[in-house]
Number of protein chains: 2
Amino acid sequence: MVKEINIGLLGLGTVGSGVVTIIENHQDRLMHQIGCPVRVSKVLVRNLEKERTITINTDLLTTNPDDIIDNSEIDIVVEVIGGIEDTKDLILRALKNKKHVVTANKDLIALHGAELLTTAIENKCDLFYEASVAGGIPILRGLTEGLASDRITKMMGIVNGTTNFILTKMTQEGRDYDSVLKEAQKLGFAESDPTADVEGFDAARKMAILATLGFSMNIDLNDISVKGISSITSEDIEYAMNFGYIMKLIGLAQREGDMVSVTVEPMLLPHIHPLASVHNEYNAVFVTGEAVGETMFYGPGAGSLPTATSVVSDLVAVMKNMQIGVNGRMNINPQLEKSLLTDEQLESKYFLRIVVKDEIGVFSQITSLFTKEEVSLEKILQHPSGIADSSEIIIVTHKANKKSFNNIINTLNEISSVIDIKGAYPIVGEDKK
Amino acid sequence: MVKEINIGLLGLGTVGSGVVTIIENHQDRLMHQIGCPVRVSKVLVRNLEKERTITINTDLLTTNPDDIIDNSEIDIVVEVIGGIEDTKDLILRALKNKKHVVTANKDLIALHGAELLTTAIENKCDLFYEASVAGGIPILRGLTEGLASDRITKMMGIVNGTTNFILTKMTQEGRDYDSVLKEAQKLGFAESDPTADVEGFDAARKMAILATLGFSMNIDLNDISVKGISSITSEDIEYAMNFGYIMKLIGLAQREGDMVSVTVEPMLLPHIHPLASVHNEYNAVFVTGEAVGETMFYGPGAGSLPTATSVVSDLVAVMKNMQIGVNGRMNINPQLEKSLLTDEQLESKYFLRIVVKDEIGVFSQITSLFTKEEVSLEKILQHPSGIADSSEIIIVTHKANKKSFNNIINTLNEISSVIDIKGAYPIVGEDKK
């Protein structure tokens, strides 16, 4: 049994400050759970003089990472500075120095998770990263432990708070993308350069982590097709709502037999689907397991204390493992060969909105395209568009494979009577309620 | 390290059969996680000759519980027979024989959890009961592990599938309680004697388990005020919907400072609240923690494989603990003195629907009652009722304490101009979205 556990903190921003606060406020409870005192004994900062929102003994601060990484008194390194290559080197060194690591760094784990985990296991160290996906939601623990005896077939995630905030406002207030983005930037829910969020890259990194864990396959970012929300109009959202659908940026990871697929793109959900009620900056992951059926994990996707709570949960797990001497047994190395589903194998219903010339024969010309690709239609609605001499056609297909649907879109783009393809979205979550 | 783990199963009904199926289908994965083979080596049944939905070696079956409880080869006893006193004796004997126990028995845990856990810890045995609350949802693990470093202030649970099925149908189809209850009975979602479900007793047992764990206080069934759904009319539901609210049977466990309160009763939720999208037989627990904020766990509340999945998750936890020799360290003995909030201390908004005589002065007579109890009104609507010479008044209050609101109801009952109090429900979940 250990007498005292010393933590070295890389970074004292919002999350790092949260970690310090929680450890201080919960000393008694942590002691009760772990059986020994826990203290933050060194903190890497950029600037020793900076004013901080929390009070911390300035003797603990350092600007030299070696004071933590090479410090023999430090048992666990908590990494909340972000960054990729330099941070990776620090973590690798920490692991080789037999320090356990807890990180909230999704970019690092999405890109270098496999290498870092291998190094951790070689050095009998724990490497946990609960906070890297959906900040305050214990989804990774849920996948590895709660569903330990199940086989996961599908994960649908709202894993980016910025885009969910924007889509919620567009949906509830009928506003345009640009105006809501500006509000989100003002409120601090979107970065001044919002690209990583609104183009879906951030969500893709989180889905890579979830899919790697949930499917026991090494899913890279390159395996994920990604589309963002910046071209969604309030009209798309309104028309979809008229058909009973809610627009969300969904990370969809699905398995068919031994093959998997991961995509991130705007999708439509039935309005009574539990994911449709995930509003504003909240995150949720809807998991389907062969045995358990449908479960959902919901909570804050970011924020100082929620993310810090996940970090401290990981810390508690590491410390319990230390007390009983079983670190470095993470059972999360991919066990299965990666095998990706092709577009022919991916099936979905689709929602399509197009503007066509108001001419005789156009309607049948369009529908015959669907027949040719063997895609049948569930609903079809034609009405005058706002533009002179043109009509708007809204189509909801039955289940169709992605290749056929893409063929239809490509052909529609080439037909002279088609003025514009306004929006095309997969419809998901209708199998069950 | 152990060479083989032997499980004795008490009961081979739907859940027991699910456990056998999962252990057979996931042999490889279990082996990978635990490091040794796992087998079900003895099964207690009532009738050896009964035809079963699964194929099982009949040599494993016995009608004598001693073949499991006193069997030195059995490491873990899985209890899925239900029952209270006899089952408690079996489990106590198993624990004293140094066998770990996994149970799905909410009644047993709600009534005798403290005694059983104490015995388990004395004998260095694990006693896990994830499946006892919300079958397929890893909520207990979520509370103890995921939120290990947080302080839980509130839990709102839809923890009874039968009542949620009934209320969902009444809400979505505008049907009466009696007609939906009959359908639920036909579909197997309600028992032929539905009392335990529809009167809220089943939900109360689950809330007792959740509150004991989440608040570290020994909450008994007697501490919980319980009201069922059998007097809810489709009119109540419809009027509430017109005000933007959805009716659910909610188990509400809340903490103020060091004091707590647990109630189970029909409550109204804003229609955009995540719990409002929990439909049919599904369960969900919405947890508020000081640090993490709002999280929700959603999934199937019952069913063979979902419940069996939770049982096997517990089994995996027990077996991992066996491999590293750390059983019997459940950290769930209540640490805090129980202290219950009084009605004066409990605050809520309320929705009230009454029918009054259509006479001069009645309206002001009613509203003056509220003024006297210092309850202010957010919305008030008066319109003709279906009954001659009478009006219906619908009131939504601002936050009021329960005692004041009950005083108002009692006085309304005594006033001659009040014909009927149609419905009175707390409104919850409006603090945040």
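The values are calculated or read from the model by the stated rules, or taken from the named source; none is laboratory data. Since we're looking at a predicted model, the values are computed, not measured. As a convention, Cβ positions derive from the backbone with ideal geometry for all residues, glycine included, and neighbour counts pool all protein chains shown. All accessible areas refer to the heavy atoms of the entire protein, side chains included, with ligands and DNA or RNA removed. Shrake-Rupley method; radii C 1.70, N 1.55, O 1.52, S 1.80 Å.
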Among the residues of the stretch B:193-212, are any of a type in the set (Lys, Arg) and in a loop (DSSP other than H, G, I, E, B)? no
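Would the stretch B:267-274 turn up any residue that is of a type outside the set (Lys, Arg), away from chain A (no Cβ under 11 Å) and under 19 Å from B:Lys106 (Cβ atoms)? Step through it out loud before you land on a result.
Initially, the stretch B:267-274 is screened for residues of a type outside the set (Lys, Arg), giving B:267-274.
If we keep only those that are away from chain A (no Cβ under 11 Å) as well, we get B:267-268.
If we keep only those that are under 19 Å from B:Lys106 (Cβ atoms) too, we end up with none.
No.
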For the stretch A:242-253, what are the residues that are surrounded by fewer than 22 Cβ atoms within 10 Å (Cβ to Cβ) and away from chain B (no Cβ under 14 Å)? A:Asn242, A:Phe243
Report, by residue number, each residue of the stretch A:1-13 that is within 14 Å of chain B (Cβ to nearest Cβ) and small (Gly, Ala, Ser). none
Go through the stretch B:372-409 and count every residue that is of a type in the set (A, V, I, L, M), surrounded by 14 or more Cβ atoms within 10 Å (Cβ to Cβ) and not in a helix (DSSP H, G or I). 8
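I'd like to check something: does the stretch A:345-364 contain any residue that is open to solvent by 30 Å² or more (accessible area, probe 1.4 Å) and under 30 Å from the mean Cα position of the chain (by Cα)?
Here is the first cut: in the stretch A:345-364, the residues open to solvent by 30 Å² or more (accessible area, probe 1.4 Å) are A:345, A:347, A:357-361, A:363-364.
Still in the running and under 30 Å from the mean Cα position of the chain (by Cα): A:345, A:347.
Checking the stretch A:345-364: at least one residue is open to solvent by 30 Å² or more (accessible area, probe 1.4 Å) and under 30 Å from the mean Cα position of the chain (by Cα).
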Which numbered condition trips up B:Val264, out of (1) away from every other protein chain (no Cβ under 11 Å); (2) surrounded by fewer than 23 Cβ atoms within 10 Å (Cβ to Cβ); (3) touching a helix residue (DSSP H, G or I) at 6+ places or on another chain (Cβ under 8 Å)? (2)
Under the condition of being more than 7 Å from chain B (Cβ to nearest Cβ) and surrounded by fewer than 24 Cβ atoms within 10 Å (Cβ to Cβ), which residue from the stretch A:277-291 is nearest to B:Gly299 (Cα to Cα)? A:Thr288
Members of the stretch B:34-88 that are within 28 Å of A:Thr144 (Cβ to Cβ) and more than 29 Å from the chain's Cα centre (by Cα): B:Ile34, B:Gly35, B:Cys36, B:Pro37, B:Val38, B:Arg39, B:Val40, B:Ser41, B:Ile54, B:Ile74, B:Asp75
Among (1) in contact with a Leu (Cβ under 7 Å, 6 or more places away or on another chain); (2) more than 20 Å from A:Lys422 (Cα to Cα) - the single one A:Gly251 does not satisfy: (1)
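I need the strands (runs of 3 or more DSSP E) fully contained in the stretch B:43-159, keeping only those with at least 2 residues that are over 27 Å from B:Glu290 (Cα atoms).
Numbers: elements: B:76-79, B:100-103, B:152-158.
Hits in the stretch B:43-159: B:76-79, B:100-103.
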Filtered residues of the stretch A:13-33 (kept if open to solvent by less than 20 Å² (accessible area, probe 1.4 Å), in contact (Cβ under 8 Å) with a residue 40 or more places away in the chain and under 29 Å from the mean Cα position of the chain (by Cα)): A:Gly16, A:Ser17, A:Gly18, A:Val19, A:Ile22, A:Ile23
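Residues A:Ala94, A:Ala120, A:Ala104: which one is touching a helix residue (DSSP H, G or I) at 6+ places or on another chain (Cβ under 7 Å), surrounded by 21 or more Cβ atoms within 10 Å (Cβ to Cβ), in contact (Cβ under 8 Å) with a residue 24 or more places away in the chain and within 25 Å of A:Gly200 (Cβ to Cβ)? Explain how you work it out, then say what you get.
On the way: A:Ala94 fails: within 25 Å of A:Gly200 (Cβ to Cβ); A:Ala120 fails: within 25 Å of A:Gly200 (Cβ to Cβ).
Going through A:Ala94, A:Ala120, A:Ala104 in turn, just one is touching a helix residue (DSSP H, G or I) at 6+ places or on another chain (Cβ under 7 Å), surrounded by 21 or more Cβ atoms within 10 Å (Cβ to Cβ), in contact (Cβ under 8 Å) with a residue 24 or more places away in the chain and within 25 Å of A:Gly200 (Cβ to Cβ): A:Ala104.
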Residues (within 18 Å of A:Ala134 (Cβ to Cβ) and buried (at least 24 other Cβ atoms within 10 Å of the Cβ)) located in the stretch B:123-141: B:Ile137, B:Pro138, B:Ile139
So for the stretch A:170-190 (the condition being free of Cβ contacts under 8 Å to residues at least 12 places away in the same chain and outside any helix (DSSP H, G or I)), does at least one residue qualify? yes
State which residue is farthest from the other protein chains (Cβ to nearest Cβ) when the search covers only the stretch A:292-326 and only residues that are crowded, with 24+ Cβ neighbours inside 10 Å and assigned to a loop (DSSP other than H, G, I, E, B). A:Gly301
Which residues, counting only those in the stretch A:14-55, are under 17 Å from A:Lys320 (Cα atoms) and within 12 Å of another protein chain (Cβ to nearest Cβ)? A:Ile23, A:His26, A:Gln27, A:Asp28, A:Arg29, A:Leu30, A:Met31, A:His32, A:Gln33, A:Ile34, A:Gly35, A:Val38
Considering (1) in contact with a strand residue (DSSP E or B) (Cβ under 9 Å, 6 or more places away or on another chain); (2) open to solvent by less than 30 Å² (accessible area, probe 1.4 Å), say which one A:Leu369 fails and leave the rest. (1)
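Can you pull out the residues in the stretch A:410-429 that are in a helix (DSSP H, G or I) and in contact (Cβ under 8 Å) with a residue 40 or more places away in the chain?
Within the stretch A:410-429, the first condition is being in a helix (DSSP H, G or I), and the residues that meet it are A:410-414.
Hits for the stretch A:410-429 are A:Thr411, A:Leu412.
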